Amino acid sequence: NLSEKLDKALHVLKGHGQITEINVAETLKEVRRALLDADVNFKIAKSFTNRVKEKALGENVLTTLQPGQLMVKIVKDELTELMGGDAAGVNLSGNPSVILMSGLQGSGKTTFSGKLANYLKNKKTKKPLLVACDVYRPAAINQLHVVGEQIGVEVYSEEGNQDPVAIAKNAVAHAKKNGCNVVIVDTAGRLAVDEQMMTEIANIHKAISPEETLFVVDSMTGQDAVNTAKAFNDVLNFDGVILTKLDGDTRGGAAISIKSVVDKPIKFIGTGEKMEAIDVFYPSRMADRILGMGDVVSLVERAQEQFDEEEARKLQKKIAKNQFGFDDFLNQIQQVKKMGNIKDLMGMIPGASKALKGMDVDDDAFKGIEAIIYSMTPDERSNPTVLNASRKKRIAKGSGTSIQEVNQLLKQFNQMSKMMKMMQGGGGRKMMQMMNR
Ligand code: GDP
Ligand code: MG
């Protein structure tokens, strides 16, 4: 993928070693190739490397103490600039603020509508309303209702009404009457740009004059994403871009090209199928991610959002009193799972994306563990010391695992409890000793 290639291209320069002009030129050629491979538009890639070269020469890269690091910094800054500089928020000034989703079928509009509603709802001051304007497939309306139920947000739809413009207008009136201050309008898309779809979305746009018109695009579609963005922007003059499916093995090319082609900011990214897999788009963090340095800040933010502070405090007390049990362990696992796909999360840790390559890490990793814990009695969960051989045998049978797996889990659990106890008691030194052993 792009980050690995850029990583490799910059590798020579990253150390403190001697750098020659030939070296720089070679590296930039590699950078350009990496960008092209990631579906970045040819012209953009070329002007990008030209700017980097100019800057590098301007700052006398070759004579500084750590030329490699300076080069990496220049590349990162340029990438950041290319993707939009600062993060752009959504305009929520209206009452209600109307947000219109546009994009092709399958780009992730319905999923993102739910994610955004959930994201805003969690901000406490917002009461969103989801609107189903994809009237062509009954399944589409149903899909939005399922999403709404999942996140506890009202969904407005009209059975039998085939006119999305009327539905959108009625929905805004409904929101006003019911105190909803954000209206998120999900629309129908087609598999490719066509006139009927464009006319329809333009009509909805005209009828409800949204504060925000967002263009949702699948980042896996590469250069096509850029062409689609252009077509929609010509008709809607949208306010921002949502890049979905930026999880897994996605190439980052679209993020780099879109901003320069339509000159509209990328506002959010989707990083998974779950409702929590939404992140504000920060160009500089994306540049870090592309460069393979990992998106640690996003990771920490997501963790902070998901971990209930109250829960954390309760847990701390339990650990201090030596009452940490399997129920708490299960709870921890569920907290981690709530944060999204394990692979996505680990991919944000610097260096981890390399280590993960070819490895099969997913939520299933926890399935065995959960099954074992569910097969324990409440008493066994809170007091694992009672687990003797016959109980272990029963648990293995009940959970469809083996005694070895049960033992393995117990061992991990004991180690974890011990470690947490040490961390609590300020026994950092003791822990270091243990880890060294
Ligand atoms: P729509 O036709 O534009 O409404 O697209 P949907 O919201 O129905 O999404 C199409 C498919 O893409 C569904 O299977 C979603 O679960 C999936 N999807 C949407 N966003 C993401 C994302 O950020 N990451 C991943 N991996 N899948 C996504
Ligand atoms: Mg849809």
So for the stretch 189-208 (the condition being within 11 Å of ligand 1 (Cβ to nearest atom) and in contact with a helix residue (DSSP H, G or I) (Cβ under 7 Å, 6 or more places away or on another chain)), does at least one residue qualify? yes
Residue in the stretch 106-153 that is farthest from T221 (Cα to Cα), counting only those that are within 16 Å of ligand 2 (Cβ to nearest atom) and hydroxyl-bearing (S, T, Y): Y136
Only one of (1) outside any loop (DSSP other than H, G, I, E, B); (2) away from ligand 2 (no atom under 16 Å from the Cβ) is not met by A88, so which one is it? (1)
Name the single residue, out of those in the stretch 69-85 being in a helix (DSSP H, G or I) and not aliphatic (A, V, I, L, M), that is farthest from ligand 1 (Cβ to nearest atom). Q69
Do we have any residue at all in the stretch 95-110 that's within 13 Å of ligand 1 (Cβ to nearest atom) and assigned to a helix (DSSP H, G or I)? yes
The stretch 88-142: number of residues that are closer than 22 Å to L246 by Cα and not β-branched (V, I, T): 21
Could you go through the stretch 269-292 and let me know if any residue there is at pLDDT 70 or above, assigned to a loop (DSSP other than H, G, I, E, B), of a type in the set (D, E, K, R) and away from ligand 2 (no atom under 16 Å from the Cβ). yes
More than 11 Å from ligand 2 (Cβ to nearest atom), within 22 Å of A254 (Cβ to Cβ) and in contact (Cβ under 8 Å) with a residue 12 or more places away in the chain: is that true of I99 in this structure? yes
Being surrounded by 24 or more Cβ atoms within 10 Å (Cβ to Cβ) and of a type in the set (F, W, Y) is the filter here; which residues of the stretch 93-138 pass it? F112
Yes/no for L246 being out of contact with any strand residue (DSSP E or B) (no Cβ under 6 Å at 6 or more places or on another chain) and outside the structural domain of I44 (by TED's automatic domain parsing): no
Pick from V147, V131, V135: which is farther than 18 Å from T111 by Cβ and in contact (Cβ under 8 Å) with a residue 40 or more places away in the chain? V135
When you look at N181, is it touching a Ser or Thr at 6+ places or on another chain (Cβ under 8 Å), away from ligand 2 (no atom under 12 Å from the Cβ), on the phi < 0 side of the Ramachandran plot and not β-branched (V, I, T), yes or no? yes
Taking the criterion of being among the acidic types (D, E), assigned to a loop (DSSP other than H, G, I, E, B), within 18 Å of V98 (Cα to Cα) and more than 16 Å from ligand 1 (Cβ to nearest atom), would at least one residue in the stretch 161-183 satisfy it? no
Going residue by residue through the stretch 175-184, is there one that turns out to be polar (S, T, N, Q), in the same structural domain as D218 (by TED's automatic domain parsing) and in contact with a Pro (Cβ under 7 Å, 6 or more places away or on another chain)? yes
Please state which of the following conditions M376 fails to meet, knowing it meets all the rest: (1) over 21 Å from K318 (Cα atoms); (2) surrounded by 11 or more Cβ atoms within 10 Å (Cβ to Cβ); (3) modelled with pLDDT of 80 or more. (1)
Would you check if there is a residue in the stretch 207-215 being part of a helix (DSSP H, G or I) and charged (D, E, K, R)? no
What are the residues in the stretch 209-220 that are surrounded by fewer than 21 Cβ atoms within 10 Å (Cβ to Cβ) and either small (G, A, S) or within 16 Å of ligand 1 (Cβ to nearest atom) (or both), if any? S209, M220
If I filter the stretch 202-210 for residues that are of a type in the set (D, E, K, R), under 17 Å from A88 (Cβ atoms) and more than 22 Å from the chain's Cα centre (by Cα), do I get at least one hit? no
Of (1) modelled with pLDDT of 90 or more; (2) not assigned by TED's automatic domain parsing to the domain that holds Q150, K115 fails just (2)
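The values are calculated or read from the model by the stated rules, or taken from the named source; none is laboratory data. Computed from a prediction, not measured in an experiment: that's the story for all the values here. Every residue, glycine among them, receives a Cβ derived from its backbone with ideal geometry; neighbour counts consider all protein chains shown.
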